[in-house]
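The values are calculated or read from the model by the stated rules, or taken from the named source; none is laboratory data. Remember, predicted model here, so these are calculated numbers, not experimental data. Note that we place each Cβ from the backbone using ideal geometry, even for glycine, and neighbour counts take in every protein chain shown.
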Amino acid sequence: MRPILQAWLTAAVLLIPSLRAAPEGPTAAGEPQPARAEPPTVPVVRFALGKTIVRGKVVGEDDQMLRVEGLDGSVIGYSKDTVRDIERAPMPAAQYHEMVGDYFLERASLAQGTPDDFVRARRAYQKSLSLRPTPEVTDKLAQVAGEREEWQREALRRKELEEAQARIELVKLQKETLEKELALQRETLAAVQEQARTLAQAQRRMDELARAVAFIQAQNRELQLKLRDMEDDISSKWGRISIYLKNVQVDRDGR
């Protein structure tokens, strides 16, 4: 909070009691002044529940149950049979709201603090100031504004850091994915190259086989030609023998 604004706020809240206490018009001499209203109080209770000390504002009570509102605003009902060492002490409302503001301001300063804690602290201090303006509470209200700004800056820094870390993790993941893809591609290329070598060897063998088949076919054709020539020679020779035999005469005795 800026110093000028804080000074105006302090002056304004300090004027509230005097404005409330000022009479609406002049009073006659000797006329008794009206009695000032007592400041409001809050019924605060403190008791032991096992090993835990519970403290808060009483919001309801009967013969069996005691309903207490904690500083965080939560209301819990306690059986009177389970509590011990009950202490009751009415507390000025201004002091109680200041205590609530202290609770939320302290919680907001922790790592798990949220913007809502600053809002609730500011509201509690504002209630306290409306009931009893004090410089201490005014300073705490200014502290809330300053710490909230610092919290927002820190939250922004944490967000930027988380985003940077997320980007780094994304780059690392992309790098790992790329390396895996490259490794897979290398394996695929090696397999393809091995298949290409196998196919080349098979092709060479097929070419050699084709040449061998062509050679055998050529030899077969040459052999067939030789066989035809031999058949022609044989046919021509046997044909002359047949003609010669037709001219041979055989007598009855076989001579």
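Residues checked against (1) modelled with pLDDT under 85; (2) under 30 Å from Arg122 (Cα atoms); (3) surrounded by 10 or more Cβ atoms within 10 Å (Cβ to Cβ):
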{"position": "Trp151", "(1), (2), (3)": "yes, yes, yes"}
{"position": "Arg157", "(1), (2), (3)": "yes, yes, yes"}
{"position": "Leu173", "(1), (2), (3)": "no, no, yes"}
{"position": "Val192", "(1), (2), (3)": "no, no, yes"}
{"position": "Ala200", "(1), (2), (3)": "no, no, yes"}
{"position": "Phe215", "(1), (2), (3)": "no, no, yes"}
{"position": "Met230", "(1), (2), (3)": "yes, no, yes"}
{"position": "Lys246", "(1), (2), (3)": "yes, no, no"}
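Consider the stretch 31-58 and keep the residues that are more than 19 Å from Glu98 (Cβ to Cβ) and of a type in the set (Gly, Ala, Ser). The one that is modelled with the highest pLDDT is Ala48. May I ask you to verify whether Tyr78 is under 30 Å from Ala48 (Cβ atoms), hydroxyl-bearing (Ser, Thr, Tyr), at pLDDT 90 or above and part of a helix (DSSP H, G or I)? Spelling it out, it is not the case that Tyr78 is under 30 Å from Ala48 (Cβ atoms), hydroxyl-bearing (Ser, Thr, Tyr), at pLDDT 90 or above and part of a helix (DSSP H, G or I). Just to be sure before I move on: is Leu71 in contact with a Gly (Cβ under 9 Å, 6 or more places away or on another chain), assigned to a loop (DSSP other than H, G, I, E, B), modelled with pLDDT under 90 and among the aliphatic types (A, V, I, L, M) in the structure I sent? In short, yes.
For the stretch 123-142, what are the residues that are more than 25 Å from Pro43 (Cβ to Cβ) and surrounded by 15 or more Cβ atoms within 10 Å (Cβ to Cβ)? Hits for the stretch 123-142 are Thr138, Leu141, Ala142. In the stretch 59-80, what residues are surrounded by 15 or more Cβ atoms within 10 Å (Cβ to Cβ) and either closer than 19 Å to Tyr103 by Cα or among the polar types (S, T, N, Q) (or both)? Val68, Glu69, Leu71 - these are the residues of the stretch 59-80 that are surrounded by 15 or more Cβ atoms within 10 Å (Cβ to Cβ) and either closer than 19 Å to Tyr103 by Cα or among the polar types (S, T, N, Q) (or both). Answer with yes or no whether Pro3 is closer than 22 Å to Leu129 by Cα and modelled with pLDDT of 80 or more. Answer is no for this residue. Just one residue in the set Gly60, Gly50, Gly101 is under 38 Å from the mean Cα position of the chain (by Cα) and not aliphatic (A, V, I, L, M); that residue is Gly101. In the stretch 103-132, the residues that are of a type in the set (Ser, Thr, Tyr) form Cβ pairs under 6 Å with partners that are assigned to a helix (DSSP H, G or I), at six or more places apart or across chains, as follows: Tyr125/Gly101; Tyr125/Val137; Tyr125/Lys140; Tyr125/Leu141; Ser128/Ala94; Ser128/His97; Ser128/Glu98; Ser128/Val137. Can you name the residue in the stretch 63-94 that is among the charged types (D, E, K, R) and more than 39 Å from the chain's Cα centre (by Cα) and is also nearest to Ser128 (Cα to Cα) among such residues? Residue satisfying both the conditions and the ranking: Arg88. Scan the stretch 107-122 for residues that are of a type in the set (Asp, Glu) and either within 11 Å of Val144 (Cβ to Cβ) or surrounded by 14 or more Cβ atoms within 10 Å (Cβ to Cβ) (or both) and jot them down. Asp117 - this is the single residue of the stretch 107-122 that is of a type in the set (Asp, Glu) and either within 11 Å of Val144 (Cβ to Cβ) or surrounded by 14 or more Cβ atoms within 10 Å (Cβ to Cβ) (or both). For Gly254, the conditions (1) modelled with pLDDT of 90 or more; (2) surrounded by fewer than 10 Cβ atoms within 10 Å (Cβ to Cβ) all hold with the exception of (1).
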